[in-house]
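Encoded as structure tokens, the structure appears first; notes follow it.
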Amino acid sequence: MSLLDKLLCRTGTCPWWLCFTFDNPLRRIIQNPKNILHGLVREGDTALDIGCGMGYFSLPLADMVGSSGKVICVDLQEKMLEAVRRKAERAGLIKVMKFQQCTSDSLGLNENADFALAFWMVHEVRNKKGFFQDVRGSLKAEGTLLIVEPKLHVSRDAFDTTLSIAQAEGFKVVDRPTVTISMAALLTPVK
């Protein structure tokens, strides 16, 4: 794997040291988490931030679900979970957050969520069928999953293939929200 491939996260999991670049003031202008998640998350909800990285969406989710809700931060890399845990402690949000290190084969979740977010990470998943099975098993019947993929890394055909796999695993697309420099789909489990 070349250095360029690593820097652009073209193969495998995006390295922890690159994720610092994802949390910056410019990104908050063009991809404001609360604007993206508005109307999808309510106070008291349980939300999954799958591939949470260093918590760019985790902390705003925790603020949105409030003290009666819960955010479960899921990531493969312990360094990511350590970083978001420190941020949550500093922000006073640690009481509503849980941290789950997953494996490449399983999210390892045993809770039912109202909402799941998979932001700029599904393209890194090798077993998408298993991933969608895990997510579906973790969502309440009326839950929603927001998938967002970067236009810089993922082609429209690859995104459509991902959505086809999700549909084969029991999801239906209910909306195609607009997210800057991204492709997005809101899905719900088929009843």
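The values are calculated or read from the model by the stated rules, or taken from the named source; none is laboratory data. Here the structure is a predicted model, which means the values were calculated and not measured. Ideal geometry is used to build each Cβ from the backbone, glycine not excepted, and the neighbour counts take in all protein chains shown.
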Some residue of region 16-30 being in a loop (DSSP other than H, G, I, E, B), over 23 Å from Asp105 (Cβ atoms) and at pLDDT 60 or above: yes
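Suppose we filter Leu186, Leu145, Leu109, Leu93 for residues that are within 23 Å of Leu61 (Cα to Cα), touching an Asp or Glu at 6+ places or on another chain (Cβ under 6 Å) and surrounded by 15 or more Cβ atoms within 10 Å (Cβ to Cβ); which single one remains?
Leu186
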Candidate set: region 110-138, residues that are charged (D, E, K, R) and assigned to a loop (DSSP other than H, G, I, E, B); chosen: the one farthest from Val74 (Cα to Cα): Arg126
Qualifying residues in region 113-142 (those that are at pLDDT below 95 and of a type outside the set (A, V, I, L, M, F, W, C)) - the one farthest from Ala62 (Cα to Cα): Arg126
Qualifying position, being touching a Cys at 6+ places or on another chain (Cβ under 9 Å) and of a type in the set (Val, Ile, Thr), among Val41, Val74: Val74
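Looking at region 174-188, is at least one residue under 24 Å from Lys34 (Cα atoms), in contact with a Lys or Arg (Cβ under 7 Å, 6 or more places away or on another chain), of a type outside the set (A, V, I, L, M) and at pLDDT 95 or above?
Checking region 174-188: at least one residue is under 24 Å from Lys34 (Cα atoms), in contact with a Lys or Arg (Cβ under 7 Å, 6 or more places away or on another chain), of a type outside the set (A, V, I, L, M) and at pLDDT 95 or above.
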Among (1) under 22 Å from Leu109 (Cβ atoms); (2) touching a residue at least 24 places away in the same chain (Cβ under 8 Å); (3) of a type outside the set (Ser, Thr, Tyr), the one test that Arg126 misses: (2)
